[in-house]
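Chemist: Just dropping this structure here.
No lab work stands behind these numbers, since they all come straight from the coordinates. Just so it is clear, the structure is predicted and the values come from calculations on it, not from any experiment. No Cβ is skipped: glycine too gets one built from the backbone with ideal geometry, and neighbour counts run over all protein chains shown.
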Amino acid sequence: MNQELSSLLDLLDLERIERDIFRGRSRASVVPRVFGGQVAAQALVAACRTVPEGRLPHSLHAYFLRPGDAGAPIVYTVDRIRDGRSFTTRRVVAVQHGAPIFHLSASFQSAEEGLEHQEPMPAAPDPETLPTSEATLDRYAHLFHDPGVARRLREARGAVDLRYVEAPPFASKGEPREARSQVWFRTNGKLDGERDDPMLHLCLATYVSDMTLLDSVLLAHGRGGWTVGDVVGASLDHAMWFHRPIRADEWLLYDQESATSQGGRGLAQGRIYTREGELAITVIQEGVVRVPRGS
């Protein structure tokens with residue numbers, strides 16, 4: 001396990017202040033605010049710690065309300081909405097400087113048998129044949145509008161090996177492509193001992209799910225994104241459905257596409273598959289996607 005992954009796991013290990021109140025640390029992101037995936041993952045951790053044993057999250061729905069301050073802790077308050085025989089519902093509000101910055105509702109279910117079917121996994125090359133995160137950033141760092149972006153991206157993504165199947169949007173040269181993006185990802189190290197927890201694997205997937213989901217919106221318009229300065233963007237809302245257990249330390253394929261963009265917003269959907277072809281997670285997100293004047 002590398003130092004970045006160890007630091008991320010520490011970041012997700014919230015401090016319990018009261019029975020249903022937790023405090024999480026923040027760290028600097030690539031942009032001057034808290035990374036949305038961090039807040040979503042920490043909020044899910046807080047909810048998980050109030051749920052009866054044996055119940056895993058099967059869905060979450062969240063709104064990003066205000067930019068988070070990376071220099072201040074975040075307080076997570078959990079409301080125990082309902083504990084049923086099979087399902088549990090929790091609501092989490094994340095607060096900084098006395099104001100809510102994030103709101104999450106999550107539902108949990110006890111394991112049970114049922115009918116099964118799924119969309120087949122799309123074709124994708126073997127992850128070992130693709131450039132590593134580090135190699136991709138090295139190749140395209142000269143395109144970033146700020147020399148510090150490549151360094152901050154390396155730090156932000158150091159816990160995860162994220163491999164693009166095709167060139168990422170920040171390599172775009174203004175030529176629109178199909179509104180679809182694929183990445184393979186896994187943590188940079190194995191989770192073992194107390195950290196080999198099914199809930200933690202899902203929380204790590206939640207963290208990663210916000211990294212690249214709006215890429216497909218950018219690709220449709222030949223835009224490189226905020227890293228090259230031709231788009232201003234931020235997550236607005238985020239929804240996930242957890243269909244099957246996963247291991248975040250084994251390769252997962254994140255297949256992403258965008259159906260529409262309009263009104264300064266873009267909508268993207270992603271499906272996360274295990275390497276064996278099981279559809280494990282479905283993600284939908286809408287984000288702000290604005291073109292600066294003169295760009």
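Chemist: I'd like the trypsin sites (Lys or Arg not before Pro) in the range 141-203 restricted to DSSP loop residues with at most 11 other Cβ atoms within 10 Å, sorted by number. Spell out each step's value before the answer.
Modeler: Values: sites: 151, 152, 154, 157, 163, 173, 177, 180, 186, 190, 195; in loops: 157, 173, 177, 190.
Taking the range 141-203 and a limit of 11 other Cβ atoms within 10 Å, the loop trypsin sites (Lys or Arg not before Pro) found are 173.
Chemist: Express the Stokes-Einstein translational diffusion coefficient of the range 1-125 in µm² s⁻¹, to the nearest whole number, given a Kirkwood radius over alpha-carbon pairs, 10 °C and a viscosity of 1.306 mPa s.
Modeler: Translational D for this selection: 100 µm²/s.
Chemist: What is the distance in Å between the Cα centroid of the range 148-189 and that of the range 242-295?
Modeler: Going from one Cα centre to the other spans 13 Å.
Chemist: Something else: As I understand it, the value is the acute angle between the Cα axis of helix 36-48 and the longest principal axis of the Cα atoms of the chain; what does it come to in degrees, rounded to 10?
Modeler: With both axes taken from Cα atoms, the answer is about 10 degrees.
Chemist: Would you compute, for the Cα atoms of the range 151-295, the largest minus smallest coordinate along each principal axis and list the three values in descending order, in whole Å?
Modeler: Result for the range 151-295: principal-axis Cα extents of 53, 31, 24 Å.
Chemist: What do you get for the angle between helix 147-156 and the principal long axis of the chain? Use alpha-carbon atoms, 0 to 90 degrees, nearest ten.
Modeler: The helix 147-156 is inclined about 30 degrees to the chain.
Chemist: I need the GluC sites (Glu not before Pro) found in the range 1-68, filtered to DSSP loop residues with at most 13 other beta carbons within 10 Å of theirs.
Modeler: Answer by residue number: 53.
Chemist: Taking the Cα atoms only, what angle lies between the long axis of helix 198-209 and the longest principal axis of the chain, rounded to 10 degrees?
Modeler: The two axes meet at around 30 degrees.
Chemist: For the range 162-222, calculate the relative contact order in percent as a whole number, restricting contacts to Cα pairs under 8 Å that are 6 or more residues apart.
Modeler: 57 percent
Chemist: Could you go through the range 273-287 in sequence order and give the Karplus-derived ³J(HN,Hα) for each residue, using 6.51 cos²θ - 1.76 cosθ + 1.60 with θ = phi - 60°, rounded to whole Hz, and x for Gly and Pro?
Modeler: 10, 6, 5, 7, x, 7, 6, 9, 9, 10, 10, 9, 9, 10, x
Chemist: With a 10 Å radius around each residue's Cβ, average the other Cβ atoms per peptide and rank 95-107, 135-147, 196-208, highest first.
Modeler: My ranking of the peptides, most packed first, is 196-208, 95-107, 135-147.
Chemist: Which one, [x] 1.05; [y] 0.96; [z] 0.92, gives Cα Rg over 2.2 N^0.38 Å as derived from the coordinates shown?
Modeler: [y]
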